[in-house]
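Working notes, structure below.
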Amino acid sequence: MIKKVGILTAGGDCPGLNAVIRGIVKTAEYNNVETYGFLQGYKGLYENQYIKLDSYVTSGIVHLGGTILGSNNKTNIFALPEKAPDGSVAYVDKSFEVADRLRRDGFDALIVIGGDGSLKSARDFTRRGLNIIGVPKTIDNDVPYTDMTFGFNTAVGVATEAIDRLHTTAEAHGRIMVLEVMGRYAGWIALAAGIAGGADTVLVPEIPYDINSVVKKIEQRRNMGKKFSIIVVAEGAKPKEGDISVRSIENSGTGLDSIKLGGAGEYVAKEIEKLTGQEARATNLGYLQRGGNTCPYDRILSTEYGSAAMQLAIDEKFGRMVTLLNGKITDVSLDDVAGRDTEIGSKSSNLKLLDLEGDYVKTARRVGICLGD
């Protein structure tokens, strides 16, 4: 019988994390299972920093963004930096000792709420003999074997409101407004918000763009008497014969989320000004998409995910990840979803990218949105 379960939230914060935690704790209490939350993700797991969770602690958090447990995207227990006497840095695997300590402390299972890097570590801990349950966390909606990840709808709502606001100032000044949104290597947020906000052009990672196609769309609108345009750019969008815009690489690329994208929107704005002579302004929504209160849909989905994850632990179905698939809450193997190759088009990649023949793309084309190709 499962009696003691640990929980951690790792990687970037995401609307719905607190609702997941609450769903786990509520279901655990109903089944007489104790829950403990490790603080600051895998950092807390490594340092053995955790708190007792119950209904009192999780009361009133279902709508809140962020996570009451804190998060961290820099600690990779399988490759922790250690400085040698000569000043050099070596990366050491500390996972065996962490796994042994968890067992000694009486933890029957660990629920990991995280994105790709976090779930990869979760999968690897199953190979150290730990009982692991995964919960997919990303606003990017790019986890395979999922219809929808929690946080996505909240992020799309924020991006859509930004488009609405940019629309009025763009029209007033006759400017080109470029909005850069998150999504890493997938264009779900960009295209969903672009459709919802009535954008004229949406550039996504799945379709390398020709800047001349964007300029052509601007000129078409100008000929119709529309002196302004709204362009949404996914952070992972790249030009044909070009590459993605990388802001920085942290921890020598060994962290859970070390490659920081950024600058794609600014690049597009500068190219448009150069080619059209028209004033263009770029706005990067950045972390605004991940903060604030969680929308109702994501609160429901997060609660479903949390409750289902705890039920998997109670049923002793380990090495699994909860998911919404074909409209139903179910579970899949962590081996099938974790440690994905992020190179778009790679045969070994199982990132859930935009389906170029899917409804989002078809709808965008039908209503005249330029996708840069």
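So, Gly37, is that one without any contact (Cβ under 8 Å) to a residue 40 or more places away in the chain, surrounded by fewer than 18 Cβ atoms within 10 Å (Cβ to Cβ) and of a type in the set (Gly, Ala, Ser) or not?
Answer is no for this residue.
Going through Ala162, Ala196, Ala190, Ala186 one at a time, which residue ends up being buried (at least 19 other Cβ atoms within 10 Å of the Cβ), free of Cβ contacts under 8 Å to residues at least 60 places away in the same chain and either of a type in the set (Phe, Trp, Tyr) or assigned by TED's automatic domain parsing to the domain that holds Gly286 (or both)?
Of Ala162, Ala196, Ala190, Ala186, the one residue that is buried (at least 19 other Cβ atoms within 10 Å of the Cβ), free of Cβ contacts under 8 Å to residues at least 60 places away in the same chain and either of a type in the set (Phe, Trp, Tyr) or assigned by TED's automatic domain parsing to the domain that holds Gly286 (or both) is Ala190.
Matching residues to (1) under 12 Å from Gly6 (Cα atoms); (2) over 20 Å from the mean Cα position of the chain (by Cα):
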| residue | (1), (2) |
| --- | --- |
| Ile21 | yes, no |
| Glu29 | no, yes |
| Asn32 | no, yes |
| Tyr36 | yes, yes |
| Gly41 | yes, no |
| Asn48 | yes, yes |
| Lys52 | yes, yes |
| Ile61 | no, yes |
| Gly65 | no, no |
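Determine which member of the set Asp93, Asp105 is over 23 Å from Asp335 (Cα atoms) and surrounded by fewer than 20 Cβ atoms within 10 Å (Cβ to Cβ).
Only one candidate qualifies: Asp105.
Of the residues Gly225, Gly262, only one is assigned by TED's automatic domain parsing to the domain that holds Met182, at pLDDT below 95 and within 17 Å of the chain's Cα centre (by Cα); which?
Working: Gly225 fails: within 17 Å of the chain's Cα centre (by Cα).
Every option except Gly262 fails the conditions.
Looking only at segment 223-239, which residues are out of contact with any Asp or Glu (no Cβ under 9 Å at 6 or more places or on another chain) and either hydrophobic (A, V, I, L, M, F, W, C) or free of Cβ contacts under 8 Å to residues at least 24 places away in the same chain (or both)?
The answer is Asn223, Met224, Gly225.
The values are calculated or read from the model by the stated rules, or taken from the named source; none is laboratory data. Everything numeric in this text was worked out from a predicted model, so none of it was measured. Neighbour counts run over all protein chains shown; Cβ positions are idealised from the backbone, glycine included.
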